[in-house]
1. Pick from 13, 79, 66: which residue has the top mean-square fluctuation in a GNM of the chain where Cα pairs under 10 Å get a spring?
2. Determine the distance separating the Cα centre of segment 1-47 from the Cα centre of segment 49-75; give it in Å without decimals.
3. Ignoring any ligand, DNA or RNA, what whole percent of the accessible area of the chain comes from carbon and sulfur when the probe is 1.4 angstrom?
4. Would you mind telling me the antiparallel percentage of the DSSP bridges in the chain, rounded to 5?
5. Within the set of other residues whose C-beta is less than 14 Å from the C-beta of residue 114, count the net charge using Lys and Arg as +1 and Asp and Glu as -1.
6. Assign unit charges at the C-beta atoms only (+1 for Lys and Arg, -1 for Asp and Glu), then state the dipole size of segment 11-131 relative to its Cα centre in Debye, rounded to the nearest 20.
7. Tell me the volume per residue, in Å³, of the convex hull enclosing the alpha carbons of segment 52-142.
8. List the trypsin sites (Lys or Arg not before Pro) within segment 1-92 that fall in a DSSP loop (any state other than H, G, I, E or B) and whose Cβ has at most 15 other Cβ atoms within 10 Å.
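The values are calculated or read from the model by the stated rules, or taken from the named source; none is laboratory data. Only a predicted model underlies this, so the values are computations on that prediction, with no experimental measurement involved. Please note: Cβ atoms are built from the backbone with ideal geometry, for glycine as well, and neighbour counts cover all protein chains shown. Keep in mind that these areas ignore ligands, DNA and RNA; they rest on the heavy atoms of the full protein, side chains included. Shrake-Rupley method; radii C 1.70, N 1.55, O 1.52, S 1.80 Å.
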Amino acid sequence: MTEILVLHTGGTIGMAPGPDGLAPADGVVEAAVQKLLPDATHAVVHTFRPLVDSAEIGPDHWNRMIETIAGFRGSGVVITHGTDTMAFTGAALCQALAGIGIPVVLCGSMQPLNSGGDAEANLALALEAAQWKAAGVWLAFAG
């Protein structure tokens, strides 16, 4: 059985409608991972508490990601992330995880899960890509 780590940091992908618009929602990403997980694959989901608006992500958050990834002994990693700073996180992880022997796949969306948008396809692609044995840092977004 393949084991992948899912780090849910925040972002639109895990939001749901609330009284004041979209807001982070507990369990949304976790439920989608279980639904979209390929056969013979187990996911360990680690959720940032509190979830982080990607506009606020920076070195402290990158260090948390790196430490969690460094302690993982599975086949690959998926990081759900907001789009505002996804490129910066990708660049930081590329440098910090140079030589890593597993795929680390960043994933986000323009619309939340369960809204009929791009989130399910992006997450499914990320979960699949985390098993491809292509080491390095990748982005699963819009195919």
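1. 66
2. 15 Å
3. Numbers: 3880 of 6970 Å².
Here it works out to 56 percent.
4. Just about 15 percent of them are antiparallel.
5. It works out to a net charge of -3.
6. 320 debye
7. Working: hull volume 8.1 nm³, N = 91.
About 89 Å³ per residue, rounded to a whole number.
8. Within segment 1-92, the qualifying trypsin sites (Lys or Arg not before Pro) (loop, at most 15 other Cβ atoms within 10 Å) are 73.
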